[in-house]
Amino acid sequence: QLLESGGALVQPGGSLRLSCAASGFTFSNYAMSWVRQAPGKVPEWVSSISGSGGSTYYADFVKGRFTISRDNSKNRLYLQMNSLRAEDTAVYYCAKTVVFDPWGQGTLVTVSS
Amino acid sequence: DIQMTQSPSSLSASVGDRVTITCRASQGIRNDLAWYQQKPGKAPKRLIYAATSLQSGVPSRFSGSGSGTEFTLTISSLQPEDFATYYCQHHNNYPLTFGGGTKVEIK
């Protein structure tokens with residue numbers, strides 16, 4: 001199971017940290033990903049991190065603004081989002097591996113003034 | 001970046017119909033492809049991985065085929081609970097990308 005939290009309404013230029021609590025599997029053995037979906041749009045891959053946390057990957061549209069990290073001792077995945085823009089408004093999902101299964105229920109991030 | 005082109009973007013079908021959705025990759029991706037089903041207000045659910053492998057718990061009326069650049073998701077006999085939007089996604093390299101989606105509606 002994956003359970004996201006941390007979504008909120010934030011002003012443009014603001015910051016937010018999303019968290020994903022994982023259970024039911026050996027968290028440190030698996031890469032993890034964040035995927036977002038704006039209302040009525042196709043899902044978009046945002047970022048992935050290796051099981052150890054030593055390798056990270058980002059979509060171009062978040063590179064330099066978002067940071068993925070994990071705490072394997074707490075079975076938690078994080079997404080630090082800075083310099084948020086209106087176009088970052090979406091439901092953010094965490095997902096196991098890069099072949100996304102399972103997904104969490106999602107957390108809504110709204111960037112608006 | 002690898003582009004994933006799905007067709008059709010939508011279709012209308014009746015219960016019991018055979019439905020086929022196609023996904024084309026802009027370059028070869030071996031069998032690094034997954035299919036997802038999404039219902040309104042819910043997270044996507046993986047149906048197929050490695051192009052042809054059925055996710056545990058998914059009904060056998062769903063099947064995937066293809067390799068390289070051309071892939072197909074087939075629903076052999078459409079059921080009421082299958083009306084949803086379907087997406088393909090490659091994981092051959094970064095960035096990971098999704099197809100544009102196929103909305104399956106009731107005829």
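The values are calculated or read from the model by the stated rules, or taken from the named source; none is laboratory data. Just so it is clear, the structure is predicted and the values come from calculations on it, not from any experiment. For neighbour counting, all protein chains shown are included, and Cβ atoms are generated from backbone atoms with ideal geometry for every residue, glycine included. These area figures cover heavy atoms from the full protein model, side chains too; ligands, DNA and RNA do not enter into them. Shrake-Rupley method; radii C 1.70, N 1.55, O 1.52, S 1.80 Å.
Note that the stretch A:38-113 presents 43 Å² accessible area per residue, ligands and nucleic acids not counted, probe 1.4 Å. The residues of the stretch A:83-108 listed by number as losing at least 20 Å² of accessible area in the complex, against the isolated chain and with a 1.4 Å probe, are A:Tyr93, A:Val98, A:Val99, A:Phe100, A:Asp101, A:Trp103. Maximal additional length on extending the A:Thr67-A:Gln1 stretch stands at 21.5 nm, based on 0.36 nm per residue less the C-alpha distance.
Per-residue SASA remark: B:Lys45, around 100 Å² accessible (1.4 Å probe; ligands, DNA and RNA not included).
Surface composition of chain B: carbon and sulfur atoms hold 45% of the protein heavy-atom accessible area at a 1.4 Å probe. Which of A:Ser23, A:Ser15, A:Ser48 moves the most in a Gaussian network model of chain A with Cα springs under 10 Å? Judging by the Gaussian network model, the answer is A:Ser23.
List the residues of the stretch A:50-66 for which accessible area in the full set of protein chains is at least 40 Å² lower than for the chain on its own; 1.4 Å probe, protein heavy atoms only. Going by heavy-atom accessible area, the residues of the stretch A:50-66 that drop by at least 40 Å² are A:Tyr57. At an R0 of 22 angstrom, the distance between the Cβ atoms of B:Gln27 and B:Thr74 translates into a FRET efficiency of 0.40.
Phi-derived couplings, Karplus 6.51 cos²θ - 1.76 cosθ + 1.60 at θ = phi - 60°, listed residue by residue for the stretch A:85-102: 10, 4, 6, 7, 4, 4, 7, 9, 10, 9, 8, 7, 6, 9, 10, 2, 7, x Hz, with x used for Gly and Pro.
When the C-alpha to C-alpha distance is required to be over 24 Å, the pairs from B:Lys42/B:Lys103; A:Lys41/B:Lys42; A:Lys41/A:Lys96; A:Lys63/B:Lys42; B:Lys45/B:Lys103 that qualify are A:Lys63/B:Lys42.
Our coupling estimate for the stretch B:12-17, obtained by passing each phi through the Karplus curve with A = 6.51, B = -1.76, C = 1.60 and θ = phi - 60°, is 10, 8, 9, 4, x, 5 Hz, Gly and Pro reported as x. For the stretch A:23-96 versus the stretch B:2-55, the spacing of their alpha-carbon centroids is 23 Å.
Counting only protein chain heavy atoms and rolling a 1.4 Å probe, the accessible areas of B:Asp32, A:Asp101 rank, largest first, as A:Asp101, B:Asp32.
Distance between the pseudo-spin-label points of A:Ser28 and B:Ala13 (7 Å out from Cα toward the beta carbon): 4.5 nm. Chains A and B together bury roughly 1400 Å² of accessible surface, counting both sides and using a 1.4 Å probe on protein heavy atoms. One chain, two ends: A:Arg76 and A:Ser112. Fully extended at 0.36 nm per residue, the span grows by 10.2 nm beyond their Cα-Cα distance.
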